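Remarks on the structure that follows.
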Amino acid sequence: MSFLEYAPAPESTSVLKLKDAYGLFIDGEFVGGGGAAFDTISPATGRRIATVATADAGDIDRAVAAARRAYDGTWSRLSGRDRGKYLFRIARLVQERARELAVAESLDNGKPIKETRDFDIPTVAAWFFYYAGWADKLDHAGLGPAPRSLGVAAQVIPWNFPLMMLAWKIAPALAAGNTVVIKPAETTPLTALIFAEILQQADLPAGVVNIVTGAGETGAALVAHPGVDKVAFTGSTAVGKRIAQTIAGQGKKLTLELGGKGANIVFDDAPLEQAIEGIVNGIFFNQGQVCCAGSRLLVQESVHDEVVERLRERMRTLRVGDPLDKNTDVGAINSAEQLQRITALTEAGIAEGAEAWSPDCELPSEGFWFRPTLLTNVATSNTVARDEIFGPVLSILTFRTPAEAVAKANNSPYGLSAGIWSEKGSRTLALADKLKAGVIWSNTFNKFDPASPFGGYKESGYGREGGRQGIGAYLQAADAPAPARSQAALDAASGATTTARPAVKRAAKAVAKTVTKPAAKAAAKPAKTSTRKAAK
Amino acid sequence: MTLERAVAPAQRAVDILGGDVSESALKGYLEGLPGVDAVGLEQRAAGLGTRSIKTSSKAWALDRIIELIDLTTLEGADTPGKVRSLVAKALVPDASDLTTPRVAAVCVYGDMVPHAVEALGAAHGDPDQGLVSVAAVATAFPSGRASRAVKLADTRDAVAAGADEIDMVIDRGAFLSGRWGQVFDEIVAVKDACRKADGGYAHLKVILETGELNTYDNVRRASVLAILAGGDFIKTSTGKVSPAATLPVTLLMLETVRDWHRWTGEKIGVKPAGGIRTSKDAIKYLVTVAETLGEEWLVPHLFRYGASSLLNDVLLQRQKLTTGRYSGPSYVTID
Amino acid sequence: MTRLTVPKTYKLYLGGKFPRSESGRTYEVATPAGEFLANASLASRKDARDAVVAARGATGGWAGATAYNRGQVLYRVAEVLEGRHAQFVDEIVAQEGVSRAAATAQVDEAIDRWVWYAGWCDKYAQVAGNANPVAGPYFNISAPEPTGVVAVIAPQDSSLLGLVSAVAPALVTGNTVVVVASERFPLSAISLGEVLATSDVPGGVVNVLTGSPAEIAPWLASHQDVDALDLVGAGELDWPALEQAAAESVTRVSWPEQGPDAATPSIERIRAFTETKTVWHTKSLL
């Protein structure tokens, strides 16, 4: 026997008290859905875990109406202090049920228990703690005194960090005084539904958070709903563009966290051993299903061969397999569809001349699996150097000078993340200035913190989550005029009587006020905020 | 500047740096090593520390840990009687379970070597053959603050008394003030003093005293320096300075040894010493060796724990695995 | 005998030069009473394309300049504006048909706003950026950076003030601008171009198009190399369609504002055209 096999160390699933079927969480209660229920499966085995309801248009109407009632009746009237205390409660309950949530997340998503236990769930709790403290300090959020909440936030989140994405969305929204209708991803609804139980335990007023499950159609109906004031989406760039188009003219403030093709730049003076770890973490963390993954390795030509050799050596020690085994480093791919996409893109890369290498590891016979893969001999024009693969596949390119590194790193429609590995401070800082990316990790990678803003440039989206900037995405300045809305949007809003947005009235008033104001007089007081925008 | 030497430079250094092993050649080589990012190193070590070892792997690990221990007594109050007691424990760690393996070596001060050799008797020998060797600390251990003549005499004395392994300390003062050639020469000279009457050499473990070197870049450079000068093992600490062995420092030394193997094919040993007191900690080191260098490094001539209290904790865990009940300190012997 | 004046030819301002529209087209600019004032260039989609190329080319230098330097350059613009005060008043009176007092007030305010924004250059990052106390051994800082190329549909009801109010805030952090001037009052925009051209603003940092916003805006909105779209003066256009076109390349969009005082000065207006960049670096003594 090899010691390195360590013997199986499976996390017990006995902490899970799953129901066989889950409904929608609307107005504080679990209710049935109008759409066809679907099964959520374990990607590691392909087996069914539970049946989950699908919200149809009527359910979305009811959820938005519940959120509106809760906003008008309760949440917007509550003091920041009390909102904060609710969030603290939620944070503590998440900590208390951390083990259960970690197991459920691993089971439903396929990611290693090591990650859900040590990263996902602790980050969820941290996010609620951080924003709990903001709830009564909004005057300092950067929008001037007494900023206002926006109203009802529609939030659509992805499957790669199911509960963590939920926390990134819900915590700042509630802290700022908004109410929420959130749609978890179709393949990973489980932890959101357990989270609904936590909200009940926290005694959060009914309707403040509503959780509607379903597929893309459910999400599309939610963001398009005329009763919604704010939309926040994390997911693919293609869907993000569709959402932006759908809500154009509706005056909904929008935050988009979209795709990426992060450049991880390794100089010849890098702390090499840590760079190797950073590269491995950058692309194999969560099976590479990370929007900010360091999926494009840009390595200085002089150390290319050594880096590749060391990477291969390191990758041979990666344990691929049962997500619930505490020693698993790389788990299952989230879905058959995603596995197919990873496979197709990797094959396209090989067809274009890339050389693929994977460690010789055995994959389980059932479920969705993909070996950690290196692609060498990749040219900047290759598909695998441009398209987001969203899987454990690293494309390796080279550069010769810092200027070339910057040019290649920025040569992408995306701009979410980048890594720099060098011991030379002045060059690192200059490089960080020139990289068009929202998050830059220097001598580290894939680090997240509720205090640290996260989000992209260019087609990676706009708006930030985390930090002071993250709460700003759910607020407007006290004297901000209502957002501009097209006639069609105004008509739709007045038609949806149960969910009417009070902002409509403000909009009309704001316009009337500015029109009657003489230019010269207004000009004499250059202070008032009047810009509304989608981007922050 | 070429160094003036009493003995020829180590062949390894000649191979790497060319015939003229000058201070500036050493400096250039060591400063050209890749830097170490402390945060990344510590995170990697912490990650390796989270491995979960169960059942058959754990049983194997506990036995292997015992087989890799340098059972140590380094007190001013040491006596021949104390050393005999230590040797008895080394040979039969757990009288209640005679399947318990022996430790690799006993580690004592130079003047205690004859007593250790005598107590071991026929069991004295190569730990790779299941025997127990005698390691002696030398070179004015632990501070190393003595003239070179004294350090060499200290070494020769221990070797002559039958020590199979010499644990020397480097001159940290010289290292920290940049006199790397001096440190190098001293290791070369000590290695020379390790020559036994039969023409063979006592194994040389070079103690870097990483707690005093302080930075990881220093540890990396000192590790390579010690290897270049002819060390068979690099060892973290004397156990007299805090911090002694830590997982990140040991990981860094293992990585250095792995790089050396990659460059030259030569296998160097690593010995973390001081502060490893529990089985749980010791298993983390075992995992770190296995995942950095491979399982073939988990043998007495390539990896050791310098420890005294660790053995009893391993025995307690071992008893738990055997009997299914938790054991207590009354059920293991004090040495 | 009165002197025969030399009328000015109003051309476009692109890449620091004053070309005619590549289309050769012009349109008549008249007083509110319908008297002919001048022929302005009727910019085409290709002029818009050229303007974006010029703006993109200027981003590196303008964003890369020190904040102090950008502030100096913008302050210099205000100085030169002041020197041409009378000319702008004359143009506003002629175009808008307002009193000299109202025109003077507009020019005064335009210059003062420009100065207000100039002063923000080396302060904005301090106000909008921050150190982030993350739970780990990391240096972590967030700071705003320019979004890149900003296309602006200038407020349509004012000759100079709306234009200045829309262009200046984008320049503060280092964006470059392609602005479509007020269709009815384009002459001040080209005169502003002359001011910019003679006051150390690098060519391409501001590019002024005159003509029909309805014709040009869709091309700018759908242009993939435009990073942000300020629709402040697009209220009369089919702006939701412009917002949709912009979404195709995830362009940041600011919504229309109505009224003569659209684009009131605010720090929000600066923030609208910035990206928050967060940099992490490991921190250790060892």
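Only the coordinates and a few stated rules stand behind these numbers; no lab work does. None of the values given here were measured: they were computed from a predicted structure. Here Cβ is always computed from backbone atoms with ideal geometry, including for glycine, and neighbour counts include all displayed protein chains.
Comparing Cα centroids, the range A:213-242 and the range A:64-135 end up 21 angstrom apart.
Note on chain A: dipole from Cβ charges, positive end direction compared against A:Gly33, A:Thr343, A:Asn264; the farthest Cα belongs to A:Gly33. As a rough footprinting exposure proxy, the listed residues B:Val14, B:Val190 were ranked by other beta carbons within 10 Å of their own, and the order from fewest upward is B:Val14, B:Val190. Take every DSSP beta bridge whose two residues both sit in chain A; close to 30 percent of them are antiparallel.
Specify whether the C-alpha gyration tensor of the range B:30-139 places it in the rounded, prolate or oblate class, a ≥ b ≥ c being the square roots of the eigenvalues: rounded for a/c under 1.5, otherwise prolate if a/b is larger than b/c and oblate if not.
Cα axes put the range B:30-139 in the oblate bin.
When both bridge partners sit in the range C:26-282, DSSP labels roughly 50% of those beta bridges antiparallel.
Think of the protein assembly as shown as having a plus end and a minus end, set by charges on the Cβ of Lys, Arg, Asp and Glu; of A:Leu18, C:Phe18, A:Tyr474, A:Tyr474 sits farthest toward the positive end of this dipole. So in the protein assembly as shown, what percent of DSSP beta bridges are antiparallel if you round to the nearest 5? Antiparallel bridges make up about 30 percent of those DSSP assigns within the protein assembly as shown. On full extension, the segment bounded by A:Ala215 and A:Asn377 gains 54.5 nm, given 0.36 nm per residue less the C-alpha separation. 3J(HN,Hα) along the range A:322-328: 2, x, 8, 7, 5, 9, 6 Hz, from the Karplus curve 6.51 cos²θ - 1.76 cosθ + 1.60 with θ = phi - 60°, whole Hz, x for Gly and Pro.
Net charge within 11 Å of A:Val223 by Cβ-Cβ distance, Lys/Arg positive one each and Asp/Glu negative one each, not counting A:Val223 itself?
+4
Taking every alpha-carbon pair under 8 Å whose residues sit at least 6 apart, chain C reaches a relative contact order of 24 percent.
The amide H of A:Trp441, built 1.01 Å from its N in the peptide plane, has A:Ala418, A:Gly419, A:Ile420, C:Trp280 as neighbours under 5 Å, considering only residues 5 or more places off or on other chains.
Shielding by partners for peptide C:137-147, expressed as the average number of C-beta atoms from other protein chains within 10 Å of each residue's C-beta, is 4. In terms of distances greater than 30 angstrom between alpha carbons, the cross-link table entries B:Lys27/B:Lys191; B:Lys235/C:Lys283; B:Lys54/B:Lys191 yield B:Lys54/B:Lys191.
Any idea which of A:Ser106, A:Gln155, A:Ala215 is furthest toward the positive side of the dipole for the range A:86-238, if Lys and Arg beta-carbons carry +1 and Asp and Glu beta-carbons -1? So the residue furthest toward the plus end is A:Gln155. With Cα atoms defining each centre, the range A:454-492 and the range A:259-300 are spaced 31 Å apart in the structure.
Rounded to the nearest 20 debye, the dipole size of chain B about its Cα centre is 740 debye, using +1 on the Cβ of Lys and Arg and -1 on the Cβ of Asp and Glu. Here the range C:26-282 is assigned +1 on the Cβ of each Lys and Arg and -1 on the Cβ of each Asp and Glu. Its dipole about the Cα centre then comes out at about 780 debye.
Can you tell me the dipole magnitude for the protein assembly as shown around its Cα centre, using point charges on the Cβ only (Lys, Arg +1; Asp, Glu -1), in Debye to the nearest 20?
Values: 120 positive and 127 negative charges, 562 e Å.
Approximately 2700 debye in magnitude.
By other beta-carbon atoms within 10 Å, ranking A:Thr383, B:Thr79 with the fewest at the front produces B:Thr79, A:Thr383.
Packing order of peptides A:118-128, C:5-15, highest average first: A:118-128, C:5-15 (average count of other Cβ atoms within 10 Å over each peptide's residues). With θ taken as phi - 60° and the Karplus curve 6.51 cos²θ - 1.76 cosθ + 1.60 applied, the whole-hertz 3J(HN,Hα) list for the range A:268-277 is 5, 9, 5, x, 4, 4, 6, 4, 4, 4 Hz, x standing for glycine and proline. A simple spin-label model places the labels of A:Arg312 and C:Ala197 6.2 nm from each other, with each point 7 Å out along Cα-to-Cβ. Measuring r between the beta carbons of B:Ser24 and B:Thr215 and using R0 = 25 Å, the FRET efficiency lands at 0.70.
Backbone amide hydrogens, once placed in the peptide plane, bring B:Ala273 within less than 5 Å of B:Thr236, B:Ser237, B:Ala245, B:Gly306, excluding anything fewer than 5 places away on its chain. Counts of other chain beta carbons within 10 angstrom of each beta carbon in peptide C:105-111 average 3. Would you mind classifying the range B:11-322 by shape? Square roots of the alpha carbon gyration tensor eigenvalues, ordered a ≥ b ≥ c; an a/c under 1.5 is rounded, otherwise it is prolate if a/b is larger than b/c and oblate if not. Because a/c hits 1.5 or more and a/b fails to exceed b/c, the range B:11-322 counts as oblate.
The calculated FRET efficiency for the pair A:Arg77 and A:Ala430, based on their C-beta separation and a Förster distance of 56 Å, comes to about 0.65.
Phi angles of the range C:68-85 translate, via the Karplus equation with coefficients 6.51, -1.76, 1.60 and θ = phi - 60°, into HN-Hα couplings of 4, 5, 4, x, 4, 5, 5, 5, 4, 4, 4, 4, 5, 4, 4, x, 9, 3 Hz per residue; Gly and Pro are given as x.
Counting other C-beta atoms within 10 Å, which of A:Asp20, C:Asp200, B:Asp281 has the fewest, and how do the rest follow?
Exposure proxy ranking, most exposed first: A:Asp20, C:Asp200, B:Asp281.
Based on Cα contacts under 8 Å between residues 6+ apart, chain A shows a relative contact order of 17 percent. Helical runs (DSSP H, four residues minimum) scored at -39500 (n - 2.57) apiece and divided by the length of chain C put the mean residue ellipticity at 222 nm at -13500 deg cm²/dmol.
Among rounded, prolate and oblate, which fits chain A when a ≥ b ≥ c are the square roots of the eigenvalues of its C-alpha gyration tensor, a/c under 1.5 means rounded, and a/b larger than b/c means prolate? Oblate shape, in that a/c is at least 1.5 and b/c is the bigger or equal ratio.
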